[in-house]
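Working notes, structure below.
We did not get these values from a lab; they are worked out from the coordinates using the rules stated. These figures come from a predicted structure and were not determined experimentally. Note that we place each Cβ from the backbone using ideal geometry, even for glycine, and neighbour counts take in every protein chain shown.
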Amino acid sequence: MKILFVYPQVSETFWSFKHALRLVRKKAAFPPLGALTVAAMLPALWEKRLVDLNVRQLRDEDLLWADYVFISAMIAQKNSARQVADRCRRLGVRVVGGGPLFRAYPEGFTDFDSLIFGEAEAVIPLLARDIEEGRIERSYRASGFPDLDAVPIPQWDLINMNDYATMSVQYSRGCPFNCEFCDVIVMNGRVPRLKSNEQVLAELESLYARGWRGSVFIVDDNFIGNKEKVKGLLRAIIFWQKTRRYRLNFFTEASVNLAEDPELMNLMVQAGFNKVFLGLETPVEDALRECGKSQNLKRSLSESVAAIQGSGLAVMGGFIIGFDNDPPDVFERQVNFIQKNGIVTAMIGLLTAIPGTRLYSRLEEEGRMLFNSSGDNTDVHGSLNFVTKMDRTKIIEGYRWVMNSVYSPEMYYNRVLAFLRTYRPKAKTYLQNHDVMAFVRSLWYLGIVDNKSRNYYWKLLREAFSGYNDAFGEIVTMAIYGYHFRKLFYSPNLPVKLEEWLSGISV
């Protein structure tokens, strides 16, 4: 049997890092971990290939080679997935779909030969058997949340690791919290399920043995969902890292209650973690209560950010605009919070209601749903997919002002300096040749070519050399990220004052 995995194109947004990749000479930010893991679950005698559309184009001969095309996709890859499926239909190639896209919007893919709902470990053995017997079902649905003790090492030989800026590993699935807008617990449950320490170390060793050095993204939606277990894992990684001279560094996603556990933060840093993404969402407490973000209300968010960055973990923050309880000044409050707390990588999106979430159910009951989301929460036309309490136009224009402000060269580089005042780098990092070359290219692109920001770039480098040598790698990375975000969200010709953006808009 011949199986072709196709990973659709990721839309140009925060997580694509398209413009940053240009400076580091990589084709994509992350590999398609889900597809590579499913490939390892299929019979070893089957022939398998993978085409990542973020790395190269899909050819008709790729599709015609396959008995089945497996498409793994997130909601933001909807259009690209549809295009791939249409090509398969024209060529008479059978198609199987799996992933968050097909769970959320199955009605858009009724022409697929089969759709997978739920986690692959529970259904792939049945699917493989039916493929071999020539009687594939129209859909396969997992009955529950499987244990992770039998998840195989991803089939890394299907990709060229050099195409990617970062490798990925998964430790757990599920989150103990119940945020109204989040679909993580819909897909993976509220009780975190974990791989064993031995499984995780085997996956790290598989990357190391293939020559990977540098950044690894632990893709868990909440890495610290089971704090005691994760501490045991971190101790095992620390020992593993010591025997390999700390050649890997990590970043992950976690809940803000990380700040309440100094031991956990210390273990993460010792293990080689240097960044963590937090769902901070908003400084408006009524909005946090609205969305059930209780973990963000236990202490000052500013204090939590300072504690985490002071431990040696740079905070990347997720923020949301569009809550029912957002006050008229939410736009200024978001910008001020981000600037004051030195949250350099601020991923700000519009609220989106995804099928299966408590938010979607509530809005549907209230008769407020408007359309299906595009999956890109920075898309002002495809994300705010419900009737809002605040005037919709004001939200969109306010959001545009927030993005243009936060990613203006002056505010961005001042935010890096604010970050450096609280950050205490402690993790050991391993620089490779391509890291050095990325810095050299940044000197050209950011220091010479980009005339809108070069003065701030040189000022930042002077600060780095004079007072923050220990954080020099992070500073260069942030400068490169800033280039990407500025390309996406900043326009120097737009008005600076919020009232100018909103003039003439009714509230």
Let's test the formula: R0 of 25 Å, r as the Cβ-Cβ distance of K426 and Q57. What FRET efficiency results, to the nearest 0.05?
0.05
Pop out the ³J(HN,Hα) list for the range 368-376 in order, Karplus 6.51 cos²θ - 1.76 cosθ + 1.60 with θ = phi - 60°, rounded to Hz; leave Gly and Pro as x.
10, 6, 10, 6, 6, 6, 7, x, 10
What is the distance, in nm, between label points placed 7 Å from the Cα along the Cα-to-Cβ direction at E263 and at R25?
4.6
Output row, site A150, 7 Å Cα→C-beta label point, backbone N cut-off 18 Å, window the range 181-222, residues 193-196, 199-200
Taking R0 as 41 Å, what FRET efficiency do you get between I448 and K497 from their Cβ-Cβ distance, rounded to the nearest 0.05?
0.85
What nm value, rounded to one decimal, do you get for the distance between M411 and L297 when each label is placed 7 Å out toward the C-beta?
2.8
Percent of Cα-Cα distances greater than 40 Å, calculated over the chain
21
For K27, counting only aspartates and glutamates whose alpha-carbon sits under 12 Å away and dropping same-chain residues fewer than eight positions off, the answer is D52, D163
222 nm [θ] for the chain, helices only, -39500 (n - 2.57) per DSSP H run of 4+, per residue, to 500?
-12000 deg cm²/dmol
Among the Cα-Cα pairs of the range 166-404, the proportion with separation greater than 23 Å, in percent, is 52
Counting pairs of alpha carbon atoms under 8 Å apart in space and at least six apart in sequence, what relative contact order in percent does the range 166-404 give?
17
Tell me, in nm to one decimal, what length is gained between T393 and E198 on full extension, where the rule is 0.36 nm per residue of separation less the Cα-Cα distance?
65.0 nm
Percent relative contact order for the chain, counting Cα pairs under 8 Å at least six residues apart, stands at 14
Only bridges with both residues in the range 166-404 count here: give the DSSP antiparallel percent, nearest 5.
10
Label-point separation in nm, F465 to F239, each point 7 Å along Cα→Cβ
4.4
From the cross-link list K227/K275; K275/K340; K18/K497; K389/K497; K26/K426; K195/K293, the entries with a Cα-Cα span beyond 25 Å are K18/K497; K26/K426; K195/K293
